[in-house]
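The values are calculated or read from the model by the stated rules, or taken from the named source; none is laboratory data. Here the structure is a predicted model, which means the values were calculated and not measured. No Cβ is skipped: glycine too gets one built from the backbone with ideal geometry, and neighbour counts run over all protein chains shown. Note: areas computed on protein heavy atoms with side chains; ligands, DNA, RNA excluded. Shrake-Rupley method; radii C 1.70, N 1.55, O 1.52, S 1.80 Å.
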Amino acid sequence: MDHETWSAVDDFVSRTLAPHDEALTAAVRASEEAGLPAIQVSPPQGKLLHLLARAIGAKSILEFGTLGGYSTIWLARALPAGGRLVTLEAEPGNAAVARANIARAGLNDLVDLRVGAALDLLPGLEAEGAGLFDLTFIDADKVHTPEYFAWALEWTRPGGIIVADNVVRGGTLAEADSDDPTVLAQRRLHEQIAADPRVTATTIQTVGVKGHDGFTIALVEP
Ligand code: SAH
Ligand code: DHB
Ligand code: MG
């Protein structure tokens, strides 16, 4: 099994179960044309996020790392009218592309995009009383995933779900002697979750068009 096979399977699943409509196709194209890196979740992964949000009846979602708004669109489409998705993005250029993509998808009323480093934006959100959220998706800079997770735990309601992307990274999660800060952060995330009785979680490895990686999926104990 190799990347070519994983991609072919992703293509098949994408065509059958997670097809793009015009807005998702346009979002990918506009992101590419603007020179954004093609590191958005794959279509099957976007659909998984959508399904998780639907499964818990999410009305409010918090996202770390917007990029061009691709995962934002999948998640926001799970929300009912009157729902809300707050998404945090450090790069103004990415945020501008995302704004256009979200508008084209007709999701302006649901999506609240904030520009800045997530750790700087969080105190303001807290001051506004923005929480609690039903689902939090962590997908910004990977060294801060444990810090974002700690915030997410305070801000995600009991019975809610926290998902973190890119925790496996080609298998580096298993490297006990790694000194890579990104790897150390993902290992620390696991230890932090294991030691916290407020949450129960697992990590599922994924292969596909994005290679070998994985999601941590955590339930905030009701
Ligand atoms: N969730 C997106 C992909 C996000 S890629 C999708 O699947 O469609 C990671 C994003 O996090 C990039 O756009 C990057 O600019 C942003 N980012 C990096 N550091 C950040 C920080 N400190 N705060 C907020 N966003 C950050
Ligand atoms: C990469 C992939 C991601 O899903 C992400 O959020 C950031 C970076 C990457 O492959 O570099
Ligand atoms: Mg990611």
With respect to Val163, determine if the residue is part of a strand (DSSP E or B), more than 16 Å from Ala140 (Cβ to Cβ) and of a type in the set (A, V, I, L, M, F, W, C). no
Yes or no: the range 129-141 includes at least one residue that is open to solvent by 10 Å² or more (accessible area, probe 1.4 Å), among the aliphatic types (A, V, I, L, M) and over 15 Å from the mean Cα position of the chain (by Cα). yes
I'd like the full set of residues that are within 16 Å of ligand 1 (Cβ to nearest atom), under 16 Å from Ala195 (Cα atoms) and either of a type in the set (D, E, K, R) or in contact with a Phe, Trp or Tyr (Cβ under 6 Å, 6 or more places away or on another chain) (or both), limited to the range 147-172. Glu147
Can you work out which of the residues in the range 177-218 that are of a type in the set (A, V, I, L, M) and within 15 Å of the chain's Cα centre (by Cα) is surrounded by the most Cβ atoms within 10 Å (Cβ to Cβ)? Ala218
How many residues does the range 46-64 hold that are within 16 Å of ligand 2 (Cβ to nearest atom) and surrounded by fewer than 24 Cβ atoms within 10 Å (Cβ to Cβ)? 3
Mind checking which residues of the range 133-146 are more than 12 Å from ligand 1 (Cβ to nearest atom) and among the hydrophobic types (A, V, I, L, M, F, W, C)? Phe133, Leu135
Restrict the check to the range 161-171 and report whether at least one residue is at pLDDT 95 or above and closer than 22 Å to Gly82 by Cα. yes
Please determine, by comparing only the residues of the range 66-84 that are within 15 Å of ligand 3 (Cβ to nearest atom) and open to solvent by 10 Å² or more (accessible area, probe 1.4 Å), which one is farthest from Leu113 (Cα to Cα). Trp74
Go through (1) away from ligand 1 (no atom under 12 Å from the Cβ); (2) under 15 Å from the mean Cα position of the chain (by Cα); (3) under 24 Å from Ala30 (Cβ atoms) for Arg104 and report which single condition fails. (2)
May I ask you to list the residues in the range 70-90 that are more than 13 Å from ligand 2 (Cβ to nearest atom) and assigned to a loop (DSSP other than H, G, I, E, B)? Arg77, Ala78, Leu79, Pro80, Ala81, Gly82, Gly83
When the range 91-149 is checked residue by residue, the ones that are of a type outside the set (A, V, I, L, M, F, W, C) and part of a loop (DSSP other than H, G, I, E, B) are Glu91, Gly106, Asn108, Asp109, Gly116, Gly129, Gly131, Asp139, Asp141
Checking Thr87 against (1) polar (S, T, N, Q); (2) open to solvent by 20 Å² or more (accessible area, probe 1.4 Å); (3) in contact with a Lys or Arg (Cβ under 9 Å, 6 or more places away or on another chain), which single condition isn't satisfied? (2)
Given (1) more than 22 Å from Pro181 (Cβ to Cβ); (2) open to solvent by less than 10 Å² (accessible area, probe 1.4 Å), Asp109 misses just (2)
